[in-house]
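Inspection log for the structure reproduced underneath, given as structure tokens.
The values are calculated or read from the model by the stated rules, or taken from the named source; none is laboratory data. Note that the coordinates shown come from a computational prediction; the quantities given were computed from them, not determined experimentally. Cβ atoms come from the backbone with ideal geometry, glycine included; neighbour counts cover every protein chain shown. Calculation scope for accessible area: heavy atoms of the full protein, side chains included, ligands and nucleic acids excluded. Shrake-Rupley method; radii C 1.70, N 1.55, O 1.52, S 1.80 Å.
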Amino acid sequence: MTAEPTTARSSRWPAPPQDGYTVDDLFTLPDLPPHTELIDGSLVCASPQRDFHSTMIDLLMTGLRSTAPPEVRVRREMTVVLDRRNAPEPDVSVVRTEAITGLDVTRYQAADVLLAVEVVSPDSEARDREAKPHKYATAGIPHFWLVETTGTDRHPVVRVYELDPVTKAYALTGIHHDRLKTGVPFPVDVDISAEALAAL
């Protein structure tokens, strides 16, 4: 017996449901690429990371963990369930310690997240700057940071936002170029200069 040949029309991906995918689909569909997100019922696959993206996440992870109080934990690239049709994967999240129930945890609920951080990539600019902040705010995540590069030397800049309980939208509370210093969600002081990034 011989195997059927693979044709150009065959695909290992299922046809999307008429109303889009759900969080349950995200965690049960076989063979999804790593770091697949669910945005408005659509599966979004991540492109290969650039060095800035990876090292900036490392820089923030180290800085946040150095001052994080015992009641929170800092995690990278973990799914956060916002609602039935949205489960993005922030580059960095600060979550309540009690939400971590074991090493096999694959997702956190929005109510357990105090801070979501997105490091902008060329393939995800609109999602990182517009769609995700709106969705994080709607889900009640109190703090959001947007990280990107600026200037001809492409040095890091971190924009810090806090949820306004009246408007249910994020308000900009600071723009940080060389040092990220803020008191929320806990006291943070991180060297985010180009030199600190290059040293990693």
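With the structure loaded, tell me whether D123 is farther than 20 Å from E77 by Cα and in contact (Cβ under 8 Å) with a residue 40 or more places away in the chain or whether it fails that test.
So D123 does not fit the description; no.
For residues that are open to solvent by less than 50 Å² (accessible area, probe 1.4 Å) and touching a residue at least 60 places away in the same chain (Cβ under 8 Å), scanning just the stretch 161-192, find the one that is nearest to the chain's Cα centre (by Cα).
Among them, the one singled out is P185.
Quick one: which residue in V158, V166 is over 21 Å from R96 (Cβ atoms) and modelled with pLDDT of 95 or more?
Residue meeting the stated conditions: V158.
Of all residues in the stretch 53-99, count the ones that are crowded, with 23+ Cβ neighbours inside 10 Å and at pLDDT below 95.
Matching residues across the stretch 53-99 total 0.
Find the residue count for the stretch 179-194, including only residues that are hydroxyl-bearing (S, T, Y) and assigned to a loop (DSSP other than H, G, I, E, B).
The total comes to 1.
Take A111 and decide whether it is in a helix (DSSP H, G or I), surrounded by fewer than 18 Cβ atoms within 10 Å (Cβ to Cβ) and without any contact (Cβ under 8 Å) to a residue 60 or more places away in the chain.
yes
Looking at S66, is it small (G, A, S) and not in a strand (DSSP E or B)?
Criteria met by S66.
Okay, residues lined up against (1) part of a helix (DSSP H, G or I); (2) at pLDDT below 95; (3) out of contact with any Asp or Glu (no Cβ under 7 Å at 6 or more places or on another chain):
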{"residue": "A116", "(1), (2), (3)": "no, no, yes"}
{"residue": "R129", "(1), (2), (3)": "yes, yes, yes"}
{"residue": "K132", "(1), (2), (3)": "yes, no, no"}
{"residue": "W145", "(1), (2), (3)": "no, no, yes"}
